[in-house]
Amino acid sequence: MKLLYRFGDRPLPAAADVGGKGLALITLHQAGLPVPNGFVLAVSFFEPWFVLLKATPAWKNFPAADPAGLREACQRLKQISSGYELNPEQKKRLREALFAFEEKTLFAVRSSSPEEDLSGASFAGCYETVLGVPSDRLEAAIHTAFASCLDARIITYKRERGVDHLEPRIAVVVQEQVASEVSGVGFSAHPQTGEPDQAVFESNWGLGETVVAGRVTPDHFVVDKRTRTILERRVGRKERASVLLSSGGTHEREDPRHDQLSLQDGQLQTLTETLCAIERRYGCPIDMEWAFAGGRLHVLQARPITAPAKTSPAGSPAHGSRPGLWERIKALFT
């Protein structure tokens, strides 16, 4: 039973072991795409915590919780699990994985659920991400990511869709943090019209937090994938930007460049080429989280678009068949 998978480990793990997000990052990293290095704490890594949790009175009362009491029951389980320490084997595996990184490296810690990409049951957008984590705060961030699988929203979502909520599973991605100069998301098919030959990008200065939370209106770009022609450039209202602190964590501040486009034409070409390469690998439309740092593109996440556009008899996307762009952005980043 393997507790931890480095991005370079072979053979590839199963999504059931590392979650859809973890498997995608490992696969893209091994394909030579510019994915920041990292590792995944597997589902099996957290089994000791679930054993402890299921032995508590709070867990025994949990299945009977009615909708009104579910939030309190879940909060109690999260509170209990926050006190669990890593056992010697967990500490050993984590310490070994950290040897590959410099001491002052900051990390992005993300939940990766084996269930989030199940057909007909997408939990994307509900799990936790902690950015700018120094190694001495890594255990706390892992706890935060782990506890998200006990969130009342997740449990309710599972109950409503017939997914077993009494056997929660979670993996956690620990990835080198990119000090983004500009970041955002990309879609290899237009997320509102379903047009397969148009790539759409949304961006802001700094980290992507402000885009996800809707605290800014990001810049908007549309590129023709066949000709690489930039079809649309729209400046957003980007009064604020989230930046990485050298001591760890993030800080949101006013940005004087709010009226300037955050992406240059050359960066859009690089983004489009990378997006198309990933789409070819998957064989279907994909969405991608990305960042530029030091003039270099980094792919932070990528996955198939889980709700493809329906088509009308004439072959055009049916009106209202796709989720809104903001919903897709939030789902991708979280």
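Give me a count of the residues in segment 288-308 that are over 13 Å from residue 28 (Cβ atoms) and not in a loop (DSSP other than H, G, I, E, B). Spell out the reasoning first.
Narrowing segment 288-308 to residues over 13 Å from residue 28 (Cβ atoms): 291-296, 305-308.
Checking which are not in a loop (DSSP other than H, G, I, E, B) leaves us with 291-293, 296.
Selection size over segment 288-308: 4.
Being buried (at least 24 other Cβ atoms within 10 Å of the Cβ) and either at pLDDT below 95 or in a loop (DSSP other than H, G, I, E, B) (or both) is the requirement here; does residue 173 meet it?
Working: buried (at least 24 other Cβ atoms within 10 Å of the Cβ): yes; either at pLDDT below 95 or in a loop (DSSP other than H, G, I, E, B) (or both): no.
Judged against the criteria, residue 173 is not a match.
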Total residues in segment 200-232, condition within 19 Å of residue 284 (Cα to Cα) and either among the hydroxyl-bearing types (Ser, Thr, Tyr) or under 20 Å from the mean Cα position of the chain (by Cα) (or both): 2
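Could you identify the single residue in 84, 157 that is among the aromatic types (Phe, Trp, Tyr), farther than 26 Å from residue 2 by Cα and either at pLDDT below 90 or touching a Leu at 6+ places or on another chain (Cβ under 9 Å) (or both)? Give the steps one after another, and end with the answer.
Working: 84 fails: farther than 26 Å from residue 2 by Cα.
So the residue among 84, 157 that is among the aromatic types (Phe, Trp, Tyr), farther than 26 Å from residue 2 by Cα and either at pLDDT below 90 or touching a Leu at 6+ places or on another chain (Cβ under 9 Å) (or both) is 157.
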Close pairs (8 angstrom Cβ cut-off, 6 or more residues apart or separate chains): farther than 12 Å from residue 189 by Cα in segment 278-290, part of a loop (DSSP other than H, G, I, E, B) and at pLDDT below 95 anywhere: 289/208
Conditions (1) of a type outside the set (Asp, Glu); (2) surrounded by fewer than 17 Cβ atoms within 10 Å (Cβ to Cβ); (3) modelled with pLDDT of 95 or more: number failed by residue 318: (3)
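Given the structure, is residue 148 of a type in the set (Gly, Ala, Ser) and either farther than 24 Å from residue 240 by Cα or in contact with a His (Cβ under 6 Å, 6 or more places away or on another chain) (or both)?
Numbers: of a type in the set (Gly, Ala, Ser): yes; either farther than 24 Å from residue 240 by Cα or in contact with a His (Cβ under 6 Å, 6 or more places away or on another chain) (or both): yes.
Against the criterion (of a type in the set (Gly, Ala, Ser) and either farther than 24 Å from residue 240 by Cα or in contact with a His (Cβ under 6 Å, 6 or more places away or on another chain) (or both)), residue 148 qualifies.
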Some residue of segment 124-142 being at pLDDT 90 or above, surrounded by fewer than 22 Cβ atoms within 10 Å (Cβ to Cβ) and part of a loop (DSSP other than H, G, I, E, B): no
Test: residue 47 is acidic (Asp, Glu), assigned to a helix (DSSP H, G or I) and either within 22 Å of residue 3 (Cβ to Cβ) or more than 26 Å from the chain's Cα centre (by Cα) (or both): yes
Within segment 24-44, tally of residues that are over 24 Å from residue 80 (Cα atoms) and either assigned to a strand (DSSP E or B) or free of Cβ contacts under 8 Å to residues at least 12 places away in the same chain (or both): 3
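Any idea which of 4, 23 is within 24 Å of residue 274 (Cβ to Cβ), under 21 Å from the mean Cα position of the chain (by Cα) and among the hydrophobic types (A, V, I, L, M, F, W, C)? Give the derivation first.
Details: 4 fails: within 24 Å of residue 274 (Cβ to Cβ).
Exactly one residue qualifies, and that residue is 23.
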First in segment 143-164 and assigned by TED's automatic domain parsing to the domain that holds residue 22 and of a type in the set (A, V, I, L, M, F, W, C), second anywhere and assigned to a loop (DSSP other than H, G, I, E, B) and modelled with pLDDT of 90 or more, Cβ under 6 Å, 6 or more apart: 146/170; 149/168; 149/170
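Can you spot a residue in segment 291-306 that is basic (Lys, Arg), farther than 15 Å from residue 182 by Cα and at pLDDT 90 or above?
No, the conditions are met nowhere in segment 291-306.
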Boolean, residue 232 is surrounded by fewer than 20 Cβ atoms within 10 Å (Cβ to Cβ), in contact with a Lys or Arg (Cβ under 7 Å, 6 or more places away or on another chain), of a type outside the set (Gly, Ala, Ser) and in a strand (DSSP E or B): no
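The values are calculated or read from the model by the stated rules, or taken from the named source; none is laboratory data. Everything numeric in this text was worked out from a predicted model, so none of it was measured. Cβ atoms come from the backbone with ideal geometry, glycine included; neighbour counts cover every protein chain shown.
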